[in-house]
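Every number here is computed from the coordinates shown, using simple stated rules; none is lab data. Treat the numbers as computed from the prediction; the structure is a model and nothing was measured. Using ideal geometry, Cβ is built from the backbone for each residue, glycine included, and neighbour counts are taken over all protein chains shown.
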Amino acid sequence: MTIFKDSKMEIAYLKMGLYGEAGTGKSFTSSKVAIGLHKYVKATKPIFFFDTETGSDFLLPMYKKEKVKLRTAKSRAFKDLLQAVDEAEKEASVLILDSITHCWNEMLSAYQEKHNISRITLRHWIPLKQMWREFTNRYVNSNLHIIMCGRAGVIWDDVEDEEGIKELKKVGTKMKAEVETSYEPSLLVELERASKSAKTGSKWIHRAWVVKDRFDIINGQHFDNPGFEQFLPHIKLLNLGGKHRAIDQDRNSQDIIKSNNIGEGKFRRIKILTEKVQNALYRAFPSPNKKEDKIGRLDLLKKAFDTDSWTDVCSLRHEDLEVGLAIIESEIKKEAKSEKGKD
């Protein structure tokens, strides 16, 4: 059975991203676009605003003037972000997320506090990215117009000068969130503050650069003090009012993994290594109930794996377990030599 079919336009909702530094007009521009879109599709439901910066309060006069109802949720919690998309899909015409950067940072902080770790290391990124995917899947697949705002982050790279000396320099900007977030919008816009003229005392304007337009209608263009009309060429090409079908999330490769036994060898190695780690800990600190031995096992676990959670240890790659086991065995040998020297 083929997985291919005749192509047709199946993206029915605007998935827009805006990013920029402070004062570039992210909240203002997103509201202008949301109000324009609300009127263009003749929506009857309100606009929802997930607000992490209190910006919605200052924009309320704009909504009142345009006679568009606005409902607001003020939070930075990642779990509230997920709930916001779910609720808005049922009850809203457009959802504004401002700023997604806060939600990403809150999720990282919550993860650190939950697992009692002081820093995020390489092995933590897999579960964190899986958590973040709960949002991006909703963003792409929801039957909802979503305008996602984020702060600007800097892209650094080693740049070689004429003398062949490499120096770390700013080479670009991106949306400040999980590194792949900017790939999700179909319309991605960077905002900046620009001077109206070269004269001293000239007023600032908001300038929008279209970083990505998947229709390639306004790609690469820039607009000063943009609103809904500037982005309408992209919006008009969407399947507005039609069925939205982005990515089929029901399909996965679990049956292949199961039938081909892919990963079973790794799983067995991980199980063996975790047993070896546990055995080494109990050889060093044998008593299951003695307070000093319990503390000793936890301290050794923390030293080897940067966590004292056994659940965390069991989720590690076999390469990390091998390194940690070597550290534990080395520490046990050091302690044994130290005790022997005392005798």
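Assuming R0 = 30 Å, can you tell me the calculated FRET efficiency for the pair Arg119 and Ser330, based on Cβ-Cβ distance, to the nearest 0.05?
On the way: r = 23 Å, r/R0 = 0.75.
The pair Arg119/Ser330 has a calculated efficiency of 0.85.
Using a Cα-Cα cut-off of under 24 Å, which lysines could be cross-linked to Lys45, ignoring same-chain neighbours fewer than 8 residues away?
Those lysines meeting the cut-off are Lys15, Lys26, Lys32, Lys64, Lys65, Lys67, Lys69, Lys74, Lys79, Lys90, Lys236, Lys243.
Counting pairs of alpha carbon atoms under 8 Å apart in space and at least six apart in sequence, what relative contact order in percent does the range 268-340 give?
Numbers: 52 pairs, mean separation 27.0, N = 73.
For the range 268-340, the relative contact order is 37 percent.
Can you compute log10 of I(q)/I(0) for the range 256-342 with the Debye formula, treating each Cα as one identical point scatterer, at q = 0.15, 0.16, 0.19, 0.21 Å⁻¹?
-0.59, -0.65, -0.85, -0.98
Let me check I have the definition right: for the range 84-237, take the eigenvalues of the Cα gyration tensor, multiply each by 5, take square roots. What are those semi-axes in whole Å, largest first? Working shown, then result.
Values: eigenvalues 171, 143, 46 Å².
Semi-axes, largest first: 29, 27, 15 Å.
With springs connecting C-alpha atoms under 10 Å apart, model the chain as a Gaussian network and identify which of Tyr19, Tyr111, Tyr282 has the largest mean-square fluctuation.
Checking each option, the largest mean-square fluctuation is seen for Tyr282.
For the range 94-185, just say rounded, prolate or oblate: build the C-alpha gyration tensor, square-root its eigenvalues into a ≥ b ≥ c, call rounded for a/c under 1.5, and beyond that prolate if a/b exceeds b/c, oblate if not.
On the way: a/c = 2.59, a/b = 1.40, b/c = 1.84.
Verdict is oblate for the range 94-185.
Please give every one of the lysines within straight-line cross-link reach of Lys276, meaning a C-alpha to C-alpha distance under 27 Å, and leave out same-chain neighbours fewer than 8 residues apart.
Answer for Lys276, where 27 Å is the Cα cut-off: Lys114, Lys258, Lys266, Lys290, Lys291, Lys294, Lys302, Lys303, Lys333, Lys334, Lys337, Lys340, listed by chain and number.
Based solely on C-alpha atoms, express the radius of gyration and the Dmax of the chain in angstrom.
Final numbers for Rg and Dmax: 26.3, 87 Å.
Please identify, among Ser99, Ser253, Ser56, the residue showing maximal mean-square fluctuation in a Gaussian network model of the chain using a 10 angstrom Cα cutoff.
Ser253
Kindly work out what percent of the DSSP beta bridges joining two residues of the chain are antiparallel, to the nearest 5. If you can, show how the numbers build up before the last one.
On the way: 21 of 47 bridges.
In the chain, approximately 45 percent of DSSP beta bridges are antiparallel ones.
Between Rg and the Kirkwood Rh of the range 26-105, both from Cα atoms, what is the Rg to Rh ratio? Don't jump to the answer; show the numbers that get you there.
Details: Rg = 11.9 Å, Rh = 12.6 Å.
Result for the range 26-105 is an Rg/Rh of 0.95.
Among Ser309, Ser31, Ser287, which one shows the biggest mean-square fluctuation in a GNM of the chain, springs joining Cα atoms closer than 10 Å?
Ser287
I'd like the per residue volume of the convex hull spanned by the Cα atoms of the range 204-255, given in cubic angstrom. Walk me through the numbers on the way to the answer.
Working: hull volume 6.6 nm³, N = 52.
Convex hull of Cα atoms, per residue: 127 Å³.
By how many degrees, 0 to 90 and rounded to 10, does the Cα axis of helix 125-141 deviate from the longest principal axis of the chain?
20 degrees
Counting helices only, and only those DSSP H runs with n ≥ 4, report the 222 nm mean residue ellipticity of the chain as the sum of -39,500 (n - 2.57) divided by its residues, in deg cm²/dmol to the nearest 500.
Values: 11 runs with 154 residues, N = 343.
After summing the helix terms and dividing by residue count, I get -14500 deg cm²/dmol.
Taking square-rooted eigenvalues a ≥ b ≥ c of the alpha carbon gyration tensor, is the range 60-106 rounded, prolate or oblate, where a/c under 1.5 means rounded and, failing that, a/b exceeding b/c means prolate?
Cα axes put the range 60-106 in the oblate bin.
Can you tell me the orientation of helix 100-115 relative to the chain, as the angle in degrees between its alpha-carbon axis and the longest Cα principal axis, to the nearest 10?
The answer is roughly 20 degrees.
For the range 1-48, rounded, prolate or oblate, judged on the Cα gyration tensor with a ≥ b ≥ c (square roots of eigenvalues), a/c < 1.5 rounded, else prolate if a/b > b/c?
On the way: a/c = 4.06, a/b = 1.77, b/c = 2.30.
Oblate, because a/c is 1.5 or more while a/b does not exceed b/c.
I'd like the FRET efficiency for Lys169 and Tyr282, computed as 1/(1 + (r/R0)^6) with the beta carbon distance as r and R0 of 51 Å, rounded to 0.05.
Values: r = 52 Å, r/R0 = 1.02.
Taking R0 as 51 Å, the efficiency between Lys169 and Tyr282 is 0.45.
State, to one decimal in nm, how far the label point of Lys212 lies from the label point of Glu10, with both points 7 Å from Cα in the Cβ direction.
2.0 nm
Helix 26-40 against the longest principal axis of the chain: what's the angle in degrees, Cα atoms only, rounded to the nearest 10?
60 degrees
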